[in-house]
1. Across the chain, how large is the tail of the calculated P(r) beyond 42 Å, expressed as a percent of all Cα pairs?
2. In degrees, nearest 10, range 0 to 90: what is the angle between the Cα axis of helix 120-134 and the longest Cα principal axis of the chain?
3. Rounding to the nearest 10 and keeping the result within 0 to 90°, find how far the Cα-based axis of helix 86-100 lies from the longest principal axis of the chain.
4. Give me the percent of Cα-Cα pairs in region 292-409 that sit more than 26 Å apart, rounded to a whole number.
5. Taking amide H positions as placed in the peptide plane 1.01 Å from N, state which residues far from Thr214 in sequence (5 or more) or on other chains have amide H under 5 Å from it.
6. Kindly state, to the nearest 0.05, the FRET efficiency for Asn521 paired with Ala618, given R0 = 41 Å and r defined as their beta-carbon distance.
7. Which is farthest toward the positive dipole end of region 97-220 among Thr161, Gly176, Ala98, measuring Cα position about the Cα centre, with Cβ charges +1 (Lys, Arg) and -1 (Asp, Glu)?
8. Considering only protein heavy atoms, what is the solvent-accessible area of Asp224 at a probe of 1.4 Å, reported in Å² to the nearest 10?
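The values are calculated or read from the model by the stated rules, or taken from the named source; none is laboratory data. Values in this document were obtained by computation on a predicted structure and should not be read as measured data. Heads up, the Cβs are rebuilt from the backbone with ideal geometry, glycines too, and the neighbour counts pull from every protein chain shown. To get the accessible areas, we keep the full protein, side chains included, count just its heavy atoms, and leave off ligands, DNA and RNA. Shrake-Rupley method; radii C 1.70, N 1.55, O 1.52, S 1.80 Å.
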Amino acid sequence: MIESVQQAVSQDQFRDQLVAYTQQHRAGHWSGSFAQFMDQVLPAAPAQLARSSHQYIWDMLRWSGKDGGDGKLRCSLFADELFGIDDALARVADYFKAAAAGSEVGRRLLLLLGPPSGGKSTLVIRLKRGLEEYSHTEAGALYGIAGCPVRESPLHLVPHTLRASFRESYGVDASGELCPYCRTRLEHELGGDFLRMPVERIFISEAGRSAIGTYAPHDPNTADIADLVGSVDLSRVAEFGDEGDPRAWSWSGTVYAASRGVLEMIEILKVKREFLYLLLTLTQEKNVKVARFPLIYLDETILAHTNLAEFRKFLQESENEGLLDRMVIVQVPYTLNYREEARIYRKLILSAPAFRNVHLDPHVLHAAAVFAVLSRLHEGEERDGDLAKRVRIHGGEDVDGVHHSEALRVRNKEKAPDEGLSGVSPRFVINGLSHAIIQSSCNSISTMDLLLALKDAIESDARLDSSRKRRWVDYLVLTRKEFYNRWVKEDVHKALFVSFEQEVSDLLEKYLDEVEAMLDNRQVKDPITNEQRRPDERFLRAVEEKIHISDSGKQSFRQEVVRKAMSAYKRGERFGLGSHAQLRDALQQYLFEQRRDVLRLVSSSKRPDDEVRAKISAVEQRLVDEYGYDSHCAREALNYVTTLLAQE
């Protein structure tokens, strides 16, 4: 009943979101003559209607984002899709910002370079979706000549002799040339009266081949440049009587589909060289040359991506130097932040309906991410502990013994700039995780289940040589020893601590009594024998050593504790477990050590008594209720920690 009510509320909220969306993105369709466009549309926002493709994309990015306070743009467009590549996103935004300002950057092709599954394609897809959405808003309104195969700007109709006056009147430049098709229409259909040329509002749509074009390479032997620039439409030659008539040309080429928007070139370095020269000329001069026609003016942003292997081959050919000089290259590496990497996995898993009902213990994704990051780090002579420290630094953690400046150098990859350009891809991890989920008989996956599934995936992967297999398996072992062991022990530790809350409160009272007696140099009464004795220094040191209080520093620590206890007493407050964080942690760990026997009974063949069994159940339930486990994973965690304790 409660679930159905919650679902109904969720459905109502979604309908409200739909209404709000339509109100925000309600597009005003408009059509009329160029004269009406000049009277009704242009005066309201001439700068907006004269934008280049780079300016339009930059405005879209600003529309979808906000200033992060550090001068960097934070785009909601990428927030739920791309994780851990903020530097690459910032460089892409900087490219469009510079290009929109009219700098030479706008005459360069933008090339995204990175390893497979690093986010290049997703970045471009999000840009395209953002453009589609933006074009339906008033801020993103675009107008083009109706019926034009390249949806060119109506401002191309302004005669060159009047463009200086246009600039003085409206404060913007009218740049660009009429396409051959519209020039022919103007002469044959309108008698040269450009004020009668029809104009309409246009909307960006990849599916509709409107201002978004996508080209994927195929067999170089059969690839034809007509895929980009079109060819003669033989079915219409008879109608117009001339192959050179623009109306007899098939304007289906990808560069025409992308006009006024963005052209995505997938794996660009796999295309023929003549394709590359055409694209770079288009980027540099905003022109395309097709046989029988004069230069065709096209305003579009070319956004390409490729992988490292193709790029390295491209670099080896000296004749490509001129092509490279006309590219702005942005590296899109794998993230080295294991927390961000785990967000990628969560997104991919949630996108698969079959896996949404499978429970993952709270460390599954982070452990997988640590393994992936280890494989992406520079392979030097570091010990395992040093590699683990670097993973933690990249994850934003403070590491003992590592100065802030050194941590910053590690995060900035000053010593190893190529880190993140190779290693385990998210796809590899997701494949291993999917296999573990499919093999699970209880719809529940523990971290150890995942690590074993990844080990199996490594050993059965025919693409990997034996040395890499051994190295990656070693990374799995390192993940378990340096990360998972610590995480799971902390969880059980905390759950055990809460389950024995009264006992740890008694320990706190005992510690305070012993410390006060020690500082006052007096004896205490033993609660068992009722005899007077010296304060228990062994107990005090056993607690303090848990948080690394040295023998020389014990006196000041004890004085600090007593001072805080006295301050609480004077204020009429109780000095409890939350009053001193360090002491609380020390008592937690001390109790944890003292209660190992309870944990050992989890996997013991000996049947525990009712009291011990109740305590074990309380720990399990606490793991389920507060730490993200289910009953299966909680039991697995307790068994695993018991094994670890037995080995210590």
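1. On the way: 96638 of 209628 pairs.
More than 42 Å apart: 46 percent of the Cα pairs in the chain.
2. Relative to the chain, helix 120-134 is tipped by roughly 60 degrees.
3. For helix 86-100, the angle is close to 20 degrees.
4. Working: 3485 of 6903 pairs.
When all Cα pairs of region 292-409 are counted, 50 percent exceed 26 Å.
5. The answer is Glu264.
6. Working: r = 41 Å, r/R0 = 1.00.
With R0 = 41 Å, the Cβ-Cβ based efficiency is 0.50.
7. Of the candidates, Ala98 comes out farthest on the positive side.
8. Rounded to the nearest 10, the figure is 80 Å².
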